[in-house]
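Working notes, beginning with the structure itself.
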Amino acid sequence: MERPQKFLNSVACLCLCMILCVDILVTEAAAPVAGNETDRLALLAFKGQITDGPARALSSWNDTVQFCEWEGIKCSANSQRVTIISLQSKRLAGSLSPSLGNLTLLQELNLGDNHLYGNIPQELGKLASLRILNLTSNYFKGPIPANLSSCKELRQLFLGDNVLVGEIPTELTSLPKLQEMQLLVNNLTGSIPPSIGNLSSLTTLVMGRNNLVGSIPHGIGLISGLEFLQIAENQISGTIPRSLYNLSALTFIAIATNQLHGSLPPNLGLALPRLETFYAGGNQFAGPIPVSLSNASGLMNLDFGYNYFSGSVPADLGRLGGLLWLNFEGNQLGAGDAPGLDFLHTLSNCTKLKLLDFDSNRFEGVLPNSIANLSTQLSMLILGGNHIRGTIPDGIGNLAGLTVLRMENNILAGSITESIGRLQNLRLLSLFGNKLSGSIPLSLGNLSRLFDLRLGKNDMEGSIPSSLGQCINLQFLDLSDNKLNGTIPTQVIGISSLSIFLGFARNSLVGYLPVEVGKLKNLGELDISGNRLSGEIPEALGDCESMEYLHMQNNKFEGAIPSSWRLLRGIQYLDLSRNNLSGQIPEYLVNIHALWHLNLSFNNLEGVLPQEGVFRNVSAISVGGNAKLCGGVPELRLPECPVTTSETKASNRLAKIVIPTACTLAALALLSCIGFIFYGLMRRSRKTPQHTPSFLEEPYMKISYRELRKATDGFSSKNLIGKGRFGLVYRGTLDGSGSMVAIKVINLRNHGASTTFMAECEALSNIRHRNLIRILTCCSSIDSVGNDFKALVYEFMPNGSLEEWLHPGPGEQHPSKVLNIFQRLNIIIDVASALDYLHHQCQVPIVHCDLKPSNVLLDDELTAHVSDFGLAKVLLKHEISKVQTSSIGIKGTVGYVPPEYGMGGEISTRGDVYGYGILLLEMFTGKRPTDEAFNDGSCLHDLARMVHPERTMEIIDPRSFLIADEEMMSYGRQHSIMSSRIEQCLISVIGIGLSCSVAQPNARLEMRDVVTKLHAIRARLLRGGT
């Protein structure tokens, strides 16, 4: 009995075990299925908030493919759960879905280098398995989520190059496995967390280019494995903590451009033996340069520029065979130092050296011949601003790799060696401010790549060699303040590439100013003052359309001021004093509104002195020493101009001619009007009724209401990308081509909407320009309920409108994008080119009538396209000169409408120029024309006018100074030169904005002139720096 009972018990236990096993298997089988579906839904939610880029990376994200095979997705082999999302550099736009937090097995999220915006979702803190988070180079704003500290497996945290704000969360220092933290280029504030030393696994710490304050925490010395430290370009103060020198693994230190002070320890090279790069420039360090640096045998880049270091440069630096970059500019080295420049002897061992810069120090003594033994790979040799004596060694010509040679502001004497002509790669040669003598070497003409030559303020003699005309890339040439004689060679004054400066001032040059000066169409400044030049000023000088500063004083020029100078619409500074000029002062000078300095004193000018324009400001003009001048503003106390009898007789004779002529013309005009009316009535009787303009028939009526409705998902709000006064703009995808388009649906209930539709079609139907929005097709039909329906279909601009970039706000596609100087300049040139085309290159001029940031759209490459021609007016020939009173109110948008429109004045291209001027000022100041600051009755034009030119930088949008790293690197260490170029660029650009937005329509520049000037400004900016 016992045995059967035991058997039954055994069977029962076995059955129970089998049931439990099946249950477990079912549960385990069901778990991946549930997890898979959660992952799929999370990915679709992510896609739902993203606009795909040109690469169409998300095109495979659909139900026809299992989600583990979608582009950028990797899953685990066993559970088929998402472990990696890698969509770097796909130009994706949109915000991150919080659903990403549901991908519980995600280990890597790489979305760097896209156009993503909004806040970083807090839900990412739920990703317990996450090892890599890369969101660099996007437009994320808001704070760094503190709960990322819950991602305990995190190894790499890359959030650089965004617009993140707030303090660095202390919680992040509790990540035990974090190896790399990269927060470069944001707007982070506060201090480096004192608990940073808790990140014991950290090897890379990058927090540069933020707004961090406070000191470097002592705890940083606890991160024993730290190799890379970048905290440059903040506002960090105090001294370097001693604990940092315990980090013997450090290879890279960048603490430049902060407010650090103190001295460097003598044993620096011994404490940090693996050091390869040390950037400490732009601080307040003092004391000697540690001799022990040579013990860091792998040192390649050493930059201590702009500090207060003193004493000698250690000769042992010559032991660093791998040295590439050695910069000590802007210190106090060499003062009273006996060895002086002896360290240059040992640097000949540094065969890889590319930059040697000890500009603006206190070095004395003779320039050693051994400088010719430096590396042939040396690209930049900069030793200006010292007290160096001697001559330039002949062997300097051996340094074949030189692109920059600067020895200005020293005490060098003797002649310039001909061997410099062998430096075929030279771009900049600066020797001004020495005591060099002899003639200018003919061999300089061999330097065909040279774009900046400065030989001024020396004792050079002889004539200007015509061989300089072979320097076909020169943009800056200064030979001023020497003892040069002879005439100006036509080959030199005709170098058409000159765009920044040409100076022959204060020499002993004679003869005429060659007519070849007219080839300098892009030149910004010409100084030929203080010579003995004679003859009449050539009319060809009027061809120098970009001229802003013109110095011709203290010569022997005679004759009248050329009439061609009326074309110099951008001239700001004009000095013709102390010559023998005669005749009357040209009336056109009144209309050059950029002019703020005019000196005509001590000539033989006569006649009436104008009272308008620059002549209203007595501090801006000088006219003394012209005995025959009269009139002018009372403050000048010139004699009154008499009205002569001959003038009275002349006016009577004129009246006898004009009155009969006017009567005759009036009669002819009346007869013409009658003829036109009769002709019009005859034509109207023959015409059939029109329901739409003919240009809608072909090729535009090619798409139906149904197709547009399908393209926009029933005009869904999720596809709504813009609103205007006459309708809504949707994003849509056309079935046939699959291309993304913008669809503007006209709200026909608004007054004037149909007219808007017709105007936009008419304006865009026959024009083609790279900077105008392109109309693809249009629809004039009825909608699903029988109402009239009209829509325009344009090419889609993925980067939205300029409005979104200048004035970011919540929910906009690019709320955090910052445009730098180069980008703003390119965009404003694009807009100018579009208007120039509309005004001057179409069969009949077209006036846009509503230029503003929201009507400037940006494509993938940030190329601007002017859009929204709803108010555009096509000016027929008989309308161009006719004053029209608007019957539908002011055309345009408040702030951009020219004052004459508000008074019922004419619709003209000059009105567009005004709007363009306001747009330009808005772009570079960051202020709207309707800003609250202007509630007192002032305006954006007034703001700019009050500070221009001397204090222009006070109103410039500080965000515009954000320059990409690669762009700054292209300028080497010539930051001061580049900064000067940027400042001059901005002064000139704001001047153009002022000239475009003056109240008097006829005083405004034409767009063709604006385009020319802006291109010249851009050329000077891009090619002006080293």
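None of 389, 406 is touching a residue at least 40 places away in the same chain (Cβ under 8 Å) and of a type outside the set (Phe, Trp, Tyr) except 406.
Just to be sure, is residue 351 of a type in the set (Val, Ile, Thr) and closer than 22 Å to residue 264 by Cβ? So residue 351 fails the test.
Per this entry, residue 618 is not counted among residues that are in a helix (DSSP H, G or I) and either more than 40 Å from the chain's Cα centre (by Cα) or not small (Gly, Ala, Ser) (or both). Can you confirm whether the range 358-368 contains a residue that is out of contact with any strand residue (DSSP E or B) (no Cβ under 6 Å at 6 or more places or on another chain), crowded, with 16+ Cβ neighbours inside 10 Å and not in a loop (DSSP other than H, G, I, E, B)? Within the range 358-368 (the criterion being out of contact with any strand residue (DSSP E or B) (no Cβ under 6 Å at 6 or more places or on another chain), crowded, with 16+ Cβ neighbours inside 10 Å and not in a loop (DSSP other than H, G, I, E, B)), the answer is yes, since at least one residue qualifies. Within the range 369-400, the set of residues being within 20 Å of residue 322 (Cβ to Cβ) and buried (at least 16 other Cβ atoms within 10 Å of the Cβ) comprises 373, 374, 375, 378, 379, 380, 381, 399. Here residue 128 passes the criteria (1) over 27 Å from residue 59 (Cβ atoms); (2) in a loop (DSSP other than H, G, I, E, B); (3) in contact (Cβ under 8 Å) with a residue 60 or more places away in the chain except the one numbered (3). Counting the residues of the range 142-170 that are farther than 20 Å from residue 213 by Cβ, assigned to a helix (DSSP H, G or I) and of a type outside the set (A, V, I, L, M) gives 3.
Check the range 176-194 and report whether any residue there is modelled with pLDDT of 95 or more, within 20 Å of residue 117 (Cα to Cα) and over 26 Å from the mean Cα position of the chain (by Cα). Checked against the condition, which is being modelled with pLDDT of 95 or more, within 20 Å of residue 117 (Cα to Cα) and over 26 Å from the mean Cα position of the chain (by Cα), the range 176-194 yields no hits at all. The set of residues from the range 144-175 being within 14 Å of residue 204 (Cα to Cα), at pLDDT 95 or above and not hydrophobic (A, V, I, L, M, F, W, C) comprises 155, 156, 173.
For residues that are of a type in the set (Val, Ile, Thr) and either at pLDDT 95 or above or in contact with a His (Cβ under 8 Å, 6 or more places away or on another chain) (or both), tally how many sit in the range 397-416.
Count: 2.
The range 721-839 holds helices (runs of 4 or more DSSP H) entirely within its bounds, and those carrying 2 or more residues that are modelled with pLDDT under 80 and crowded, with 20+ Cβ neighbours inside 10 Å map to 753-765.
Take the range 383-414 and flag every residue that is in a strand (DSSP E or B) and out of contact with any Gly (no Cβ under 9 Å at 6 or more places or on another chain).
405
Would you check if residue 341 is under 19 Å from residue 368 (Cβ atoms), part of a loop (DSSP other than H, G, I, E, B) and in contact with a Cys (Cβ under 7 Å, 6 or more places away or on another chain)? When the stated conditions are applied, residue 341 does not pass them. Are any residues in the range 856-870 surrounded by 24 or more Cβ atoms within 10 Å (Cβ to Cβ) and modelled with pLDDT under 90, and if so, which ones? Matches in the range 856-870: 867, 868, 869, 870.
In the range 183-198, what residues are assigned to a loop (DSSP other than H, G, I, E, B) and under 16 Å from residue 235 (Cβ atoms)? Across the range 183-198, the qualifying residues are 183, 184, 185, 186, 190, 192.
Please work out which residue is surrounded by the most Cβ atoms within 10 Å (Cβ to Cβ), limiting yourself to the range 138-163 and to residues that are without any contact (Cβ under 8 Å) to a residue 40 or more places away in the chain and in contact with a Phe, Trp or Tyr (Cβ under 9 Å, 6 or more places away or on another chain). Of everything passing the filter in the range 138-163, 138 is surrounded by the most Cβ atoms within 10 Å (Cβ to Cβ).
For the range 532-567, the candidate set comprises residues that are more than 39 Å from the chain's Cα centre (by Cα) and buried (at least 21 other Cβ atoms within 10 Å of the Cβ); within that set, the residue that is farthest from residue 592 (Cα to Cα) is 533. If I ask for residues that are more than 24 Å from residue 224 (Cα to Cα) and β-branched (Val, Ile, Thr), which ones from the range 153-211 would you list? Across the range 153-211, the qualifying residues are 163, 165, 185, 189. Out of the residues in the range 982-1026 that are of a type in the set (Lys, Arg) and surrounded by 21 or more Cβ atoms within 10 Å (Cβ to Cβ), which is farthest from the chain's Cα centre (by Cα)? Among those that are of a type in the set (Lys, Arg) and surrounded by 21 or more Cβ atoms within 10 Å (Cβ to Cβ), it is 1004. Note on the range 430-483: among residues that are within 31 Å of the chain's Cα centre (by Cα) and among the acidic types (Asp, Glu), the one that is surrounded by the fewest Cβ atoms within 10 Å (Cβ to Cβ) is 478.
Which residues, taken from the range 681-712, are surrounded by fewer than 14 Cβ atoms within 10 Å (Cβ to Cβ), within 20 Å of residue 787 (Cβ to Cβ) and either among the β-branched types (Val, Ile, Thr) or at pLDDT 50 or above (or both)? Residues satisfying the conditions are 704, 706.
Once the range 932-969 is narrowed to residues that are of a type in the set (S, T, N, Q) and modelled with pLDDT under 85, the residue that is surrounded by the fewest Cβ atoms within 10 Å (Cβ to Cβ) is 935. Looking only at the range 218-248, residues that are over 21 Å from residue 263 (Cβ atoms) and in a helix (DSSP H, G or I) come to 2 in all.
The values are calculated or read from the model by the stated rules, or taken from the named source; none is laboratory data. Source: prediction; values computed, not measured. All Cβ positions, even for glycine, are placed from backbone atoms using ideal geometry, and neighbour counts span all protein chains on display.
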